[in-house]
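Q: Let me begin by handing over the structure; questions about it come next.
Values in this text are rule-based calculations from the coordinates and carry no lab data. Note that this is a predicted model, so its numbers are computed, not measured. Every residue, glycine as well, gets a Cβ built from its backbone with ideal geometry; the counts of neighbours run over all protein chains shown.
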Amino acid sequence: MTIANTGDIWTIGRHKLFVMDSPKAATYQTMDKTALVFTSPPYDKQRLYLGSNQDWQSMMQLVFANLPTNEQTQIIVNLGLIHKDNEWVPYWEPWIEYMRAIG
């Protein structure tokens with residue numbers, strides 16, 4: 001049973017919860033500036049980005065370039081550990097550096 005679908009907007013008191021397709025820039029056009037963003041990449045690609053880390057980096061930059069934020073917005077990003085060949089892969093390091101560079 002599906003509870004939420006892409007495009008749904010749930011009103012919870014004075015708050016709104018958007019169910020959206022993060023990598024699509026048009027998704028953000030309906031949103032006001034947000035107070036809190038919680039996101040858990042790698043989105044629909046799941047673990048396929050291990051073979052193409054640049055695709056994941058590009059997708060993450062697109063997502064965060066389009067977030068409707070202001071100086072008070074808090075962003076929480078859930079990044080999990082990925083293992084390949086018995087080692088964990090720090091796939092997020094270039095993205096963290098990118099985020100630091102843009103402030």
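Q: Using per-residue counts of other Cβ atoms within 10 Å, averaged over each peptide, order 92-100, 57-65, 73-81, 5-13 from highest down.
A: Order by mean packing, descending: 57-65, 92-100, 73-81, 5-13.
Q: Given labels modelled 7 Å from the Cα in the Cβ direction, how far is it in nm from Glu87 to Leu62?
A: Taking the two extended label points, one gets 2.9 nm.
Q: Evaluate E = 1/(1 + (r/R0)^6) for Ile3 and Glu71, where r is the Cβ-Cβ distance and R0 equals 41 Å; express this FRET efficiency to the nearest 0.05.
A: E between Ile3 and Glu71, to the nearest 0.05, is 0.75.
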